[in-house]
Amino acid sequence: MKKLVILISGRGSNMEAIVSACSREGWPAQVAAVIANRPDAAGLAFAALHGIATAVVDHRQFPDRESFDAALAREIDGFTPDLVVLAGFMRVLTPGFVDHYAGRMLNVHPSLLPSFPGLKTHQQALDAGVRLHGASVHFVTSQLDHGPIVVQAAVPVLAGDTPAMLAGRVLATEHIIYPRAVRWFVEGRLALDGLRVTLTPPEPQWLFAGHTAGEGA
């Protein structure tokens, strides 16, 4: 039985998707804790309602990133997780923290990496004029939003899209691919080979939630 710790900063909709999939699909895993860096993170209530331990490590109570990350790692390690899952955790993590969880920490980023790392990805996509946008689940490394990719989902960029409209379609795919990636890890099916992730036995490591050509134009 694998143990998961999920980190959130707000609502934690991806956390909700993972908790629900774990229960519904009967993964050999337990969500041991949900930890937030903000005491007002709405996702804490969802976790508590589902009998999951919760904790808050408020980044505003620490003088620098290193001391915050050290306290966060102590809290996480108290639950002895096999996997740490970043689900809308809005903090840039220090290299020491990332190295501590190397190969056992996943993140979802709202773009088709390596395109559009960082913030405001949907506006970046619209500004760049791309025809496809999406989300990527990846292993976390010290290079922000550039770790080995586990699975990606693509959506079309439609005429008249706003960042909010595009964000909504991308988030819907995150709720599909992030639980899928976590389940693969739990089942011991993922292997890292440098920057490549191998899935055994293989199945599609992509999702296209698209419209047919011309639709929505």
* Asked: Is there a residue in the stretch 176-183 that is assigned to a strand (DSSP E or B), basic (K, R), surrounded by fewer than 20 Cβ atoms within 10 Å (Cβ to Cβ) and touching a residue at least 40 places away in the same chain (Cβ under 8 Å)?
  -> no
* Structure fact -> A135 meets each of (1) of a type outside the set (D, E); (2) within 30 Å of T80 (Cβ to Cβ); (3) surrounded by 14 or more Cβ atoms within 10 Å (Cβ to Cβ); (4) out of contact with any helix residue (DSSP H, G or I) (no Cβ under 7 Å at 6 or more places or on another chain) with one exception, condition (4)
* To do: Would you mind listing the strands (runs of 3 or more DSSP E) fully within the stretch 27-91 where at least 2 residues are among the aliphatic types (A, V, I, L, M) and touching a Leu at 6+ places or on another chain (Cβ under 8 Å)?
  => 29-36, 83-86
* **Those residues of the stretch 80-136 which are out of contact with any Lys or Arg (no Cβ under 6 Å at 6 or more places or on another chain) and of a type in the set (D, E), in sequence order** => D99, D127
* Looking at (1) closer than 17 Å to K2 by Cβ; (2) crowded, with 16+ Cβ neighbours inside 10 Å, which is the one condition that is false for R38? -> (1)
* To do: Could you look through the stretch 92-116, keep only residues that are part of a loop (DSSP other than H, G, I, E, B) and among the aliphatic types (A, V, I, L, M), and pick out the one that is modelled with the lowest pLDDT?
  => V92
* To do: Give the stretch 65-110 a look and list any residue that's in contact with a strand residue (DSSP E or B) (Cβ under 6 Å, 6 or more places away or on another chain), over 14 Å from L7 (Cβ atoms) and basic (K, R), or say none.
  => none
* (1) over 12 Å from the mean Cα position of the chain (by Cα); (2) within 27 Å of K3 (Cβ to Cβ): which one isn't true of L132, the others all being true? -> (2)
* To do: Run down L83, L113 and say which single residue is surrounded by 17 or more Cβ atoms within 10 Å (Cβ to Cβ) and either assigned by TED's automatic domain parsing to the domain that holds E174 or of a type in the set (D, E, K, R) (or both).
  => L113
* To do: Working carefully through the options G118, G26, find the one that is assigned by TED's automatic domain parsing to the domain that holds H175, within 25 Å of A172 (Cβ to Cβ) and free of Cβ contacts under 8 Å to residues at least 40 places away in the same chain.
  => G118
* Asked: Quick one: how many residues across the stretch 1-35 are buried (at least 23 other Cβ atoms within 10 Å of the Cβ) and among the polar types (S, T, N, Q)?
  -> 1
* What is the residue count in the stretch 100-139 for residues that are under 19 Å from I177 (Cβ atoms) and not β-branched (V, I, T)? -> 22
* Asked: Which residue, of G147, G88, G129, is at positive phi and assigned by TED's automatic domain parsing to the domain that holds H175?
  -> G129
* To do: Assess whether I149 counts as being within 24 Å of V85 (Cβ to Cβ), touching a Leu at 6+ places or on another chain (Cβ under 8 Å) and surrounded by fewer than 20 Cβ atoms within 10 Å (Cβ to Cβ).
  => no
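The values are calculated or read from the model by the stated rules, or taken from the named source; none is laboratory data. Predicted model only: the values in this text are computed from it and were never measured. As a convention, Cβ positions derive from the backbone with ideal geometry for all residues, glycine included, and neighbour counts pool all protein chains shown.
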